Amino acid sequence: MIYVNNDKYEGQWNDGLKHGYGVYTMADGSRYEGNWMNDEREGQGLFLYASGDKYEGMYSKNVKSGYGVYIASNGDRYEGEWANDKRQGNGTLYMANGDKYIGEWKEGEKSGKGIYYFGHGDTYDGYWLGGMRHGFGKYSWSIGDYYEGEWRFDKMNGKGKFKGADGSEYVGEFSNDNKVN
């Protein structure tokens with residue numbers, strides 16, 4: 001069937017609704033191949049975006065929901081859980097720049113416990129809120145230094161311990177990534 005907007009559907013129908021397996025091609029070149037129920041994407045499917053992005057995984061009521069893999073045209077790749085078209089639950093994001101995040105997601109943002117591996121060798125293991133380090137966590141620099149303590153809005157804030165690779169150590173308060181003397 002070809003729609004007025006030049007979208008096209010080829011597949012199974014039930015009572016005039018897309019139902020069963022089908023392929024829906026949009027006028028912009030985007031394409032969905034997979035299962036339908038009552039005119040909505042439902043179950044396993046593959047969505048190829050006109051931008052070059054690709055999603056393969058589960059759908060519920062027309063949105064990404066359940067386990068799926070999203071590969072962006074820039075080379076980033078997310079493997080994990082989805083809800084309401086957003087990353088939600090546990091998942092791993094592999095970034096084209098070599099960084100990797102393994103952990104919890106909420107509303108599409110890093111939130112909860114997670115480990116971030118920077119491509120240059122640093123790591124952060126701790127809590128996140130809204131995509132920022134927030135709560136207790138440990139940041140380890142590739143040169144051997146580390147900070148372990150409280151984070152607020154992506155900065156060392158509160159009580160913490162900094163230990164240098166040279167053996168130096170500071171235990172106390174931090175504010176906006178700086179020691180408070």
Being over 30 Å from Glu40 (Cα atoms) and surrounded by fewer than 16 Cβ atoms within 10 Å (Cβ to Cβ) is the filter here, so list the residues in segment 75-99 that pass it. Ala96, Asn97, Gly98, Asp99
So which residues in segment 21-44 are farther than 11 Å from Asn62 by Cβ and touching a residue at least 24 places away in the same chain (Cβ under 8 Å), if there are any at all? Met26, Gly34, Asn35
Mind checking whether some residue in segment 109-116 is more than 29 Å from Glu42 (Cβ to Cβ), small (Gly, Ala, Ser), touching a strand residue (DSSP E or B) at 6+ places or on another chain (Cβ under 9 Å) and touching a residue at least 24 places away in the same chain (Cβ under 8 Å)? no
Looking only at segment 1-20, which residues are surrounded by fewer than 15 Cβ atoms within 10 Å (Cβ to Cβ) and part of a strand (DSSP E or B)? Ile2, Lys8, Glu10, Gln12, Trp13, Asn14, Leu17, Gly20
I'm told Asn181 meets every condition in (1) assigned by TED's automatic domain parsing to the domain that holds Ser73; (2) at pLDDT below 95 except one. Can you identify the failing condition by its number? (1)
Among the candidates Gly89, Gly135, Gly114, residue that is farther than 25 Å from Asp166 by Cβ, in the same structural domain as Ser168 (by TED's automatic domain parsing), in a strand (DSSP E or B) and within 13 Å of the chain's Cα centre (by Cα): Gly114
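The values are calculated or read from the model by the stated rules, or taken from the named source; none is laboratory data. Nothing here was measured: the structure is a model prediction, and the numbers come from that model. Here the Cβ is made from the backbone with ideal geometry for all residues, glycine too, and neighbour counts use every protein chain on show.
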